[in-house]
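Have a look at the structure below, then the notes.
Since every read-out is calculated from the coordinates, none of them should be taken as a lab result. If you're wondering where the values come from, they're calculated on a predicted model, not measured in any experiment. Note that we place each Cβ from the backbone using ideal geometry, even for glycine, and neighbour counts take in every protein chain shown.
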Amino acid sequence: MAKVNVSLPQGTRDFGPEVVRKRNYILNTIRNVFELYGFQPLETPAMENMETLMGKYGEEGDKLIFKILNNGLNDPKNIDKAKAAFEKVIEGKNDKNLTERALRYDLTIPFARYVAMNQGTLTFPFKRYQVQPVWRADRPQKGRYREFYQCDADVVGSNSLLNEVELAIIYLTAFKKLGVAIELKINNRKILSALAERCGGSDKMTDITVAIDKLDKIGLEKVKEELLQRGLNNEQIEIIESYLSIDGSNEEKLNKAKQLLGNIDSGKKGIEELETLLSLLTAHPSQLTIDFTLARGLNYYTGTIFEVKANNVQMGSIGGGGRYDDLTGLFGVPNIPGVGISFGVDRIYDVMEELKLFPEEVHTGTQVLFFNLGENESRLAFTAAQQLRAKGIPCELYHEAGKMDKQFKYAEKKNIPYAAIIGSNELKENICTLKDLRTGEQTKILIASLPDYSF
RNA sequence: GUGGCCAUAGCUCAGUUGGUUAGAGCAUCAGAUUGUGGUUCUGAGGGUCGUGGGUUCGAGCCCCAUUGGCCACCCCA
């Protein structure tokens, strides 16, 4: 065998037939739930103009954007410009003479761009879902890839909390259908901003959220250390500590939060929103957890924030989202509020694989394999196969007359449940030996009645 | 971007303090078996030991570099 010396770019993967079937199972399940709630599909290009993406994901995010080199850099008339641009890029600045396009980093910003561009023609509230790959120049590790799919649903043009309620139910419904046990964590950015206000100023907001988001990972002491490093004083840290130590049932947590932050406008508003949300979701209490330590990295969130954690498995969040007041403002169209959620498809796949949650049926494609046992036999088999296909039953005719041994093994490997054997004996009587390969049982039936058999 | 561990057949892995021709299981192919697979038995193919350099009489093993994988940090889905 020739030595194959090719490889894949770091952090990317091929998806073989089995894997694609499982992935489609996940995606179709989620898509169906989206459709059920009136969301419409949208697709945007793999690449965007650099300025659409830059500066939208924070300093760290900018570094992780995959940039696309311009064409024609070696053209003599461009060489000087390209060299100058390269110098600038080395200094950490982008330059259009070297790169003016980049691969999309998430689906939310391209969506905001789309809404901004089409605001005149869209019917609001506009509800869309989008399932496409995104790219990040991150170093791969467990549950983290350089190319991965996001599966987002957003509603823009509505301030109603009803949207949050529906999105929460979409999460719960989709994961229930997939058989994945989850906890849906909820918090509200307004509460976090009230906390920042109590600690001396809204300019501390980012420092506080970044630090407390790590609580479950590094523990309280380390969080306090980090807060100190980020320039907060002991009095302020004490307030944050009392905030973080809030525990109990959702109701108890809300009461304690009221005592701490209820006299600040944004805190009061945030707590009210959480209360309303919970009161509308009373049918699903056990999976909903208020988590005041939940902060979410993306800074454009302004209200409710969500995060989905799978139970019984070591894995980062498998979904997240939240409300943003003014995402399209970035593209010159202010005052279009929105709220959205995202499913981490690749991580959901890994979780389902680890917990063995894929149903048996996802493996089967072809239902019937017609054996090829000679020229005349296969002609008849071919006709029969066409009749089954006309009925919508996926089937195959073995590609050449070969040993039965081989044909059985082919069926076994492809997980085909039925073998239809038409040999010289069957040919004479116009019948077919139909064998169920899972049980080993076989029956003879008329070829003419094959399309009516319930496979 | 920073750090740790790893890389031997298609896959999972052995390979002794550096020593002759690098092994096993699974998988593949062929035969035992001319119309009944999954079991069993027999046999075969398959490797410049990730790549490049170095040390040595001699390197799969030691050293350096490089690429890739896994894991942690940063960040995130």
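Sequence-ordered 3J(HN,Hα) estimates for the stretch A:112-117 from the Karplus curve with 6.51, -1.76 and 1.60 and θ = phi - 60° stand at 4, 4, 5, 5, 4, 6 Hz, glycine and proline given as x.
Taking square-rooted eigenvalues a ≥ b ≥ c of the alpha carbon gyration tensor, is chain A rounded, prolate or oblate, where a/c under 1.5 means rounded and, failing that, a/b exceeding b/c means prolate?
Taking the square roots of the gyration eigenvalues as a ≥ b ≥ c, chain A is prolate.
For chain A, the relative contact order works out to 14 percent when only alpha carbon pairs closer than 8 Å and six or more residues apart are counted.
Shown for A:S266, A:S249: other C-beta atoms within 10 Å of each C-beta, ranked fewest to most, produce the order A:S249, A:S266. The stretch between A:L73 and A:T206 holds 43.9 nm of extra length on full extension. This uses 0.36 nm per residue minus the Cα-Cα distance. Here the extension length gained between A:V362 and A:D14 equals 123.4 nm, from 0.36 nm per residue of separation less the Cα-Cα distance.
From largest to smallest, what semi-axes in whole angstrom does the stretch A:1-151 give when each is the square root of 5 times an eigenvalue of its alpha carbon gyration tensor? Write down the numbers at each step before the final one.
Numbers: eigenvalues 201, 126, 37 Å².
Each semi-axis is √(5λ); the values are 32, 25, 14 Å.
With a Cα cut-off of under 22 Å and a minimum spacing of 8 residues unless on different chains, the lysine pairs in the stretch A:364-452 number 17. Mean sequence separation of contacting Cα pairs (under 8 Å, at least six apart), scaled by the length of the stretch A:124-179, corresponds to a relative contact order of 35 percent.
Rounded to the nearest 500 deg cm²/dmol, what is the calculated helix-only ellipticity per residue at 222 nm for chain A, with -39500 (n - 2.57) per DSSP H run of length n ≥ 4? Don't skip to the answer; put the middle values down first.
Values: 17 runs with 187 residues, N = 455.
Helices in chain A give a 222 nm mean residue ellipticity of -12500 deg cm²/dmol.
Here the 3J(HN,Hα) profile of the stretch A:44-49, calculated from phi with Karplus coefficients 6.51, -1.76 and 1.60 at θ = phi - 60°, is 10, x, 5, 10, 10, 5 Hz, Gly and Pro shown as x. DSSP beta bridges confined to the stretch A:364-452 are antiparallel in about 60 percent of cases. Each of the trypsin sites (Lys or Arg not before Pro) that DSSP puts in a loop and that has at most 15 other Cβ atoms within 10 Å breaks chain A; the longest unbroken stretch is A:231-355.
Shape of the stretch A:364-452 from the C-alpha gyration tensor: rounded (a/c under 1.5, with a ≥ b ≥ c the square roots of its eigenvalues). Cα axis of helix A:250-261 to longest principal axis of chain A: angle in degrees, 0 to 90, nearest 10? Helix A:250-261 sits at roughly 30 degrees to that axis.
Backbone geometry of the stretch A:94-108 corresponds, through the Karplus equation with coefficients 6.51, -1.76 and 1.60 at θ = phi - 60°, to 3J(HN,Hα) couplings of 7, 9, 4, 6, 10, 8, 10, 10, 8, 6, 5, 9, 7, 9, 6 Hz, x marking Gly and Pro. The long axis of helix A:161-178 is offset from the longest Cα principal axis of chain A by roughly 40 degrees. For the stretch A:319-367 versus the stretch A:202-269, the inter-centroid distance based on Cα atoms is 28 Å.
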